[in-house]
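Engineer: Pasting a structure here, questions to come.
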Amino acid sequence: MKDRILETLRDLRAYALAKGVETAFLYHEEDSYLMRFANSAISLNTNEHLVRLQITAYQGRQRASYEMITALDKLDEMQEGVDIAAEMVQHAQPLSYDPTIPVYAESFSDESGHDPALATFGNPERLAFFNQAVAGLETDEIQLSGIFSCGANTIAQINTRSEQTQYFKTSDAQISIVLSHTALKWEVIAEQSAQQTADLDPDGLRRDLAFLLERYQQDAPQQIPLGAYDIVFGPAALGDLLSMMGYVGYNGGAMKRGYSFLREDQVGQRVFSPRFTLTDDPTRRETFPFRRDLMGMPRRPFPIFVDGVFQGFIWSQDDADEFDAQPTGHTVPHTSMVMQGSDVTASSLQELVAMERDHDVLYIPFLHYMNVVNPSKGLVTGSSRFGALLLKRDGAVVVPYNVRLTQSLLDIFGDRLAWVSQAQVVANTSMSYGARNPRAIIVPALMQVNGLEISHSNPSY
Amino acid sequence: MRKQLQEQIARLRDAGALYVDARWYPIEETNELLMWNGNLKEATASRESGVGIRVLYKGAWGFSAASDVGNLAALFDTALDNARVAAERVTFPVRLAEKDAIQATFASPNRTDPFTVPLADKLAFLQAMDEKLNQPGVSQRICALTFIRKQIVLMDSEGSEIEKTIIEVFPSLEVMGLDAQGMMHSRKFNPTRMGDTRGWETLDMDVFSANAERIVREMNEVLVAEDCPKDVRSVILLPGIMYLQTHETIGHALELDRILGYELSYAGGSFVRLSDFGTLRYGSEKLTARADATIPNSPGSFGYDDDGIPTQDNLLIDRGLLVGAITGRQMVEEANARAGRRIFDGSSGANRATAFYRVPIERMTNINIDPGDDGTLDDIVRNTERGIILDGDKSWSIGSNREQFHFATDIGWLVEDGQVTQVVKNSTYQGETIPFYNSLSAVGDESTWEVCYVPNCGKGQPNQIMQLGHGVPICRFDHVRIGE
Ligand SMILES: [Zn+2]
């Protein structure tokens, strides 16, 4: 299949060259499977096979794109797309800068992230996985929801500047399992991310769910008082907070457009806690990494914060072109963020609960519907969901109704950061809007931040 | 193609499927243009076509979709196979509410199909707007145009065949600027419904020019304004934020699939229970809300949903009392059975999919608030002791059961003793859904009612984007926390 894809791209390149159109092609193919559960049944079982082609035409400073969902054998249709892009670019207003067209010095191919067994994990296997992960946990009142999403993703590129090609193929799975009480309305979750079948661990999911269920079945939920709490964030919450930082923090283009809480003069300065180190690390296979960016730049570990000190902004090629900056290999569908662990050995909720403590601790595994209230301040808001716990100083465990946090990322990752786990886990942050684009962030299993105010506390679910 | 689809549908029926439908998109086109500070950052056109197959077998759904329709039989077989596996884990066998077999067509109203307009004309419009926005105080100016045209052919095993042609136009203007402390502020113009058609003709240069001037002026007022106080006040929501309040805390809360727990693994549930229909006082007597997919010229009016049900006008909240929900064929049957009473009398025609490769789910149509009898904005302000007028959706975050919310707006105007006193920046408000709607104390008249469009409502797994509308008046709510 790879040969056929690259051959088609070469045919398209030849067609564009013959037409005299400067063109870049991006081919995307996904094979997506999703089994969805609700009310303890399979509510949807779907698969989609989609081929997308993006054709970008250039004419000096003019640029225009044509995208299509098509099929590999429809060369005529794709060539028609080249004609349309060529026509569009004639009318596009010139940019105020020169857009860089990639020149691939050599062909690059990376299929190391593709495990055919995971990509084609079958219907019976998906169902068996779920049955094992929730074995004995469902009742008439405690019902199963969730997804088993898996598939394969192929990206291939060529352009008229060079004959060389780029080819990336990955497999991925994202698993979420929710158990909820139909009458009482509480919900608990366990999640898993997989790049290969060996990453799948239904028993691990079952262990986490069983532990939470035990807490939730013992204690009646309560509204907890407003005020400041020492909060321990779980992997999903931490992954989402770091995703927010990607939008309003270290992105050079966002900073130049006034949509960041970081300034250029903060490079080299301490912005966050010395416990905070964040690296874009494409050597970590769990992040479905790109080892070259779409411009052909080799990607290596790129430190963004080291011991709280800001190392520099990341720049996509187009932002670098516009703002006269150096691109950093960040013209990619997604980055490979890794937050470093530190010295606390607790690496699971079970171990957190068992830890001795001299203050109450609020455990928040998941933040629902986070949004940016004020980008210049790094101010974000979101609500707890899926199994929050208030761990009392005396060892008691209280089940709280959901609470809202409205806080600055500067405070969350700043001097209030008390500790992070040594052990890292993978938080799958994939969405399936548009083309398949599996992504994950590697985070310490737990992170405690002291003295964070909760701005709202629910009286019920 | 239609004949082949009919044959495959019949073949799967013979193989034991309870219901089969095919949504064939001969073509869906989009055109997205984005000009940022005068740079044409995006000039993209797209085209897709394909077919999605939905099969109900032994009470469970299977779905498959492909852009390559070369082997239709295999595609139908895959959907049936997926349903067969799903049938191994059924708790409430899917039943579909009764419907009539319908042969019909629908076309959204437009005078000039935007896909017939030359690209040069579209870019000239953006450039003219960009020049209008290029004023002192403005550091970022963003002008965007999105056009959508899709042709959808729905065929099912119950004899329906419906063809829809939908055209959408979504323009927007936005300016940003930095205040003296270097903090960024923004102001937007997302035009509301103008006239009875939604083609290229809706891009009225005079209207856009006037609003471009207005958002620049208002943003500059925000840049020199004081911070919104941390306080408890009456909030007067203009349609530019009232639409989103309605969307998030009435619309999503009343989607029947959320109420029944079908979205718990992603979008969330609802605080509403089946026992609440007919009993829950959702809001004050002044609150009447409806799902009206029959108003002309809105993305929430689409003729027939993807179950083939004609669009309707249904009450959701009748003078404060919860009476209805946003429903499709599957969910009403399950809700009635679970409740042990007939809450819903058939589907309300709100099952829609974003593309051929996604399955239909309950989506909002036009979730509207009826106008009231409290007059104009001036009348409402005159009768407000301590309040704040809010407009512009800057940020929104809602609890997973839609039970509480936090919104930030582009701009606020403080009201003291019936007078507007000053503009404030960083305006926010938050509350709990039921107490909030029960504090609704004034609803503007017909002259304040506007239909706002939502181009990008997200829901479902795999994720889906949907376009819809909200007709809302100016509303005042009392005792609301602001400035946090
Ligand atoms: Zn929405």
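The values are calculated or read from the model by the stated rules, or taken from the named source; none is laboratory data. Model, not experiment: these values are computed from the prediction. Ideal geometry is used to build each Cβ from the backbone, glycine not excepted, and the neighbour counts take in all protein chains shown. Calculation scope for accessible area: heavy atoms of the full protein, side chains included, ligands and nucleic acids excluded. Shrake-Rupley method; radii C 1.70, N 1.55, O 1.52, S 1.80 Å.
Engineer: Check B:LEU274, B:LEU287, B:LEU316 and return the single one that is at negative phi and in contact with a Cys (Cβ under 9 Å, 6 or more places away or on another chain).
Structural biologist: Details: B:LEU274 fails: in contact with a Cys (Cβ under 9 Å, 6 or more places away or on another chain); B:LEU316 fails: in contact with a Cys (Cβ under 9 Å, 6 or more places away or on another chain).
After applying the criteria, what remains is B:LEU287.
Engineer: Further, regarding this structure: Could you list, in sequence order, the residues of the stretch B:445-456 that are within 15 Å of the ligand (Cβ to nearest atom) and out of contact with any Gly (no Cβ under 8 Å at 6 or more places or on another chain)? It would help to see each step written out before you state the result.
Structural biologist: Of the stretch B:445-456, the ones within 15 Å of the ligand (Cβ to nearest atom) are B:452-456.
Within the stretch B:445-456, B:PRO455, B:ASN456 meet the criteria.
Engineer: Next up: Would you mind stating whether A:ALA237 is closer than 21 Å to A:LEU391 by Cβ, surrounded by fewer than 19 Cβ atoms within 10 Å (Cβ to Cβ) and not acidic (Asp, Glu)? Walk me through it before giving the result.
Structural biologist: Working: closer than 21 Å to A:LEU391 by Cβ: yes; surrounded by fewer than 19 Cβ atoms within 10 Å (Cβ to Cβ): no; not acidic (Asp, Glu): yes.
Criteria not met by A:ALA237.
Engineer: Collect the residues in the stretch B:398-427 that are among the β-branched types (Val, Ile, Thr) and either touching a Leu at 6+ places or on another chain (Cβ under 7 Å) or open to solvent by 10 Å² or more (accessible area, probe 1.4 Å) (or both), keeping them in residue-number order.
Structural biologist: First, the residues of the stretch B:398-427 that are among the β-branched types (Val, Ile, Thr): B:398, B:409, B:411, B:415, B:420-421, B:423-424.
Residues satisfying the conditions are B:THR409, B:VAL420, B:THR421, B:VAL423, B:VAL424.
Engineer: Look through the stretch B:255-264, keep the residues that are within 12 Å of the ligand (Cβ to nearest atom) and within 16 Å of the chain's Cα centre (by Cα), and return whichever of them is farthest from the other protein chains (Cβ to nearest Cβ).
Structural biologist: Of all residues in the stretch B:255-264, those within 12 Å of the ligand (Cβ to nearest atom) come to B:255, B:258, B:263.
Among the residues that remain, those that are also within 16 Å of the chain's Cα centre (by Cα) are: B:255, B:258.
Values: B:GLU255: 13, B:ARG258: 11 Å.
By that ranking, first place goes to B:GLU255.
Engineer: Has the stretch A:156-167 got at least one residue that is open to solvent by less than 10 Å² (accessible area, probe 1.4 Å) and under 19 Å from the mean Cα position of the chain (by Cα)?
Structural biologist: No, the conditions are met nowhere in the stretch A:156-167.
Engineer: Would you check which residues across the stretch A:313-333 are more than 16 Å from A:PRO99 (Cα to Cα) and surrounded by 19 or more Cβ atoms within 10 Å (Cβ to Cβ) and list them? Give the steps one after another, and end with the answer.
Structural biologist: Of the stretch A:313-333, the ones more than 16 Å from A:PRO99 (Cα to Cα) are A:313-314, A:332-333.
Within the stretch A:313-333, A:PHE313, A:ILE314, A:VAL332 qualify.
Engineer: Determine whether B:ILE474 is away from every other protein chain (no Cβ under 14 Å) and more than 16 Å from the ligand (Cβ to nearest atom).
Structural biologist: Values: away from every other protein chain (no Cβ under 14 Å): yes; more than 16 Å from the ligand (Cβ to nearest atom): yes.
Criteria met by B:ILE474.
Engineer: Out of A:ARG207, A:ARG215, I need the residue that is open to solvent by 30 Å² or more (accessible area, probe 1.4 Å), at pLDDT below 95 and within 16 Å of A:SER348 (Cα to Cα). Which one?
Structural biologist: On the way: A:ARG207 fails: at pLDDT below 95.
Sole residue among the options that is open to solvent by 30 Å² or more (accessible area, probe 1.4 Å), at pLDDT below 95 and within 16 Å of A:SER348 (Cα to Cα): A:ARG215.
Okay, residues lined up against (1) in the same structural domain as B:PRO455 (by TED's automatic domain parsing); (2) free of Cβ contacts under 8 Å to residues at least 24 places away in the same chain; (3) farther than 20 Å from B:GLU98 by Cβ; (4) within 16 Å of the ligand (Cβ to nearest atom):
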| position | (1), (2), (3), (4) |
| --- | --- |
| B:ASP305 | yes, no, no, no |
| B:GLY308 | yes, no, no, no |
| B:LEU316 | yes, no, yes, yes |
| B:LEU322 | yes, no, yes, no |
| B:GLY328 | yes, no, no, no |
| B:MET331 | yes, no, no, no |
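Yes or no, residue by residue, for (1) more than 14 Å from chain A (Cβ to nearest Cβ); (2) open to solvent by 10 Å² or more (accessible area, probe 1.4 Å); (3) more than 16 Å from the ligand (Cβ to nearest atom); (4) under 22 Å from B:SER234 (Cβ atoms):
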residue	(1), (2), (3), (4)
B:GLY431	no, yes, yes, yes
B:TYR437	yes, no, yes, yes
B:VAL443	yes, no, yes, yes
B:GLY458	no, yes, no, no
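Engineer: Could you please let me know if B:GLU48 is open to solvent by 10 Å² or more (accessible area, probe 1.4 Å), more than 7 Å from every other protein chain (Cβ to nearest Cβ) and not in a helix (DSSP H, G or I)?
Structural biologist: On the way: open to solvent by 10 Å² or more (accessible area, probe 1.4 Å): yes; more than 7 Å from every other protein chain (Cβ to nearest Cβ): no; not in a helix (DSSP H, G or I): yes.
Here the answer is no, as B:GLU48 does not meet what is asked.
Engineer: Could you say whether any residue in the stretch B:387-397 is of a type outside the set (Phe, Trp, Tyr), more than 21 Å from B:LYS459 (Cβ to Cβ) and either open to solvent by 10 Å² or more (accessible area, probe 1.4 Å) or not assigned by TED's automatic domain parsing to the domain that holds B:PRO435 (or both)?
Structural biologist: Quick first cut of the stretch B:387-397, residues of a type outside the set (Phe, Trp, Tyr) only: B:387-395, B:397.
Subset that is more than 21 Å from B:LYS459 (Cβ to Cβ): B:387-392, B:394.
Then keep just the ones that are either open to solvent by 10 Å² or more (accessible area, probe 1.4 Å) or not assigned by TED's automatic domain parsing to the domain that holds B:PRO435 (or both); that gives B:391, B:394.
So far as the stretch B:387-397 goes, yes, one or more of its residues are of a type outside the set (Phe, Trp, Tyr), more than 21 Å from B:LYS459 (Cβ to Cβ) and either open to solvent by 10 Å² or more (accessible area, probe 1.4 Å) or not assigned by TED's automatic domain parsing to the domain that holds B:PRO435 (or both).
Engineer: So which pairs qualify, if the first residue must be in the stretch A:215-226 and of a type in the set (Phe, Trp, Tyr), the second must be in a loop (DSSP other than H, G, I, E, B), the Cβ gap must be under 9 Å, and the two must be at least 6 apart or on different chains?
Structural biologist: Here the result reads A:TYR216/A:LEU184; A:TYR216/A:TRP186; A:TYR216/A:GLY387; A:TYR216/A:VAL399, each pair linking the stretch A:215-226 to a residue that is in a loop (DSSP other than H, G, I, E, B).
Engineer: List the strands (runs of 3 or more DSSP E) inside the stretch A:399-444, counting only whole elements, that have at least 2 residues being open to solvent by less than 20 Å² (accessible area, probe 1.4 Å). Can you show your working first?
Structural biologist: Values: elements: A:403-408, A:417-420, A:424-428, A:440-444.
The qualifying strands (runs of 3 or more DSSP E) are A:403-408, A:417-420, A:440-444.
Engineer: Let me ask you something else. Can you name the number of the only condition in (1) facing chain A (nearest Cβ under 9 Å); (2) open to solvent by 30 Å² or more (accessible area, probe 1.4 Å) that B:LYS58 fails?
Structural biologist: The failed condition is (1).
Engineer: Where in the stretch A:1-118 are the strands (runs of 3 or more DSSP E), entirely inside, with at least 1 residues that are open to solvent by less than 20 Å² (accessible area, probe 1.4 Å) and free of Cβ contacts under 8 Å to residues at least 12 places away in the same chain? Steps first, please.
Structural biologist: On the way: elements: A:22-38, A:41-59, A:62-70, A:108-113.
Correct list: A:41-59.
Engineer: Something else about it: Please indicate, with yes or no, whether at least one residue in the stretch B:346-354 is surrounded by 21 or more Cβ atoms within 10 Å (Cβ to Cβ), in contact (Cβ under 8 Å) with a residue 60 or more places away in the chain and part of a strand (DSSP E or B).
Structural biologist: Yes - at least one qualifying residue is present in the stretch B:346-354.
Engineer: Being open to solvent by less than 10 Å² (accessible area, probe 1.4 Å) and either among the charged types (D, E, K, R) or over 23 Å from the mean Cα position of the chain (by Cα) (or both) narrows it down to one residue among A:ILE147, A:ILE142; which is it?
Structural biologist: Only one candidate qualifies: A:ILE142.
Engineer: To continue, here is another question. Can you say whether B:ARG382 is more than 28 Å from A:TYR461 (Cβ to Cβ), away from the ligand (no atom under 16 Å from the Cβ) and open to solvent by less than 10 Å² (accessible area, probe 1.4 Å), as far as the supplied structure shows? Step through it out loud before you land on a result.
Structural biologist: On the way: more than 28 Å from A:TYR461 (Cβ to Cβ): yes; away from the ligand (no atom under 16 Å from the Cβ): yes; open to solvent by less than 10 Å² (accessible area, probe 1.4 Å): no.
Spelling it out, it is not the case that B:ARG382 is more than 28 Å from A:TYR461 (Cβ to Cβ), away from the ligand (no atom under 16 Å from the Cβ) and open to solvent by less than 10 Å² (accessible area, probe 1.4 Å).
Engineer: In addition: A:VAL51 fails exactly one of the following numbered conditions: (1) hydrophobic (A, V, I, L, M, F, W, C); (2) within 30 Å of B:GLN330 (Cα to Cα); (3) at the interface with another protein chain (Cβ under 7 Å from one of its Cβ atoms). What is the number of that condition?
Structural biologist: (2)
Engineer: Before we move on, is B:ILE250 farther than 30 Å from B:SER347 by Cβ, open to solvent by less than 10 Å² (accessible area, probe 1.4 Å), within 16 Å of the ligand (Cβ to nearest atom) and modelled with pLDDT of 95 or more?
Structural biologist: Values: farther than 30 Å from B:SER347 by Cβ: no; open to solvent by less than 10 Å² (accessible area, probe 1.4 Å): yes; within 16 Å of the ligand (Cβ to nearest atom): yes; modelled with pLDDT of 95 or more: yes.
So B:ILE250 does not fit the description; no.
Engineer: Would you check which residues across the stretch B:228-246 are within 16 Å of the ligand (Cβ to nearest atom) and within 13 Å of chain A (Cβ to nearest Cβ) and list them?
Structural biologist: Passing the criteria: only B:LEU244.
Engineer: Out of (1) within 14 Å of chain A (Cβ to nearest Cβ); (2) away from the ligand (no atom under 16 Å from the Cβ); (3) under 18 Å from the mean Cα position of the chain (by Cα), the odd one out for B:PHE407 is which?
Structural biologist: Tallying (1) within 14 Å of chain A (Cβ to nearest Cβ); (2) away from the ligand (no atom under 16 Å from the Cβ); (3) under 18 Å from the mean Cα position of the chain (by Cα), B:PHE407 fails exactly one: (2).
Engineer: Pick from B:PHE76, B:PHE63: which is more than 8 Å from chain A (Cβ to nearest Cβ), buried (at least 18 other Cβ atoms within 10 Å of the Cβ), aromatic (Phe, Trp, Tyr) and touching a strand residue (DSSP E or B) at 6+ places or on another chain (Cβ under 9 Å)?
Structural biologist: Working: B:PHE63 fails: more than 8 Å from chain A (Cβ to nearest Cβ).
The conditions single out B:PHE76.
Engineer: Filter the stretch B:161-183 down to the residues that are within 14 Å of chain A (Cβ to nearest Cβ) and open to solvent by less than 20 Å² (accessible area, probe 1.4 Å) and list them by number. Spell out the reasoning first.
Structural biologist: The initial filter retains those residues of the stretch B:161-183 that are within 14 Å of chain A (Cβ to nearest Cβ), namely B:174-183.
Within the stretch B:161-183, B:VAL175, B:MET176, B:GLY177, B:ASP179 qualify.
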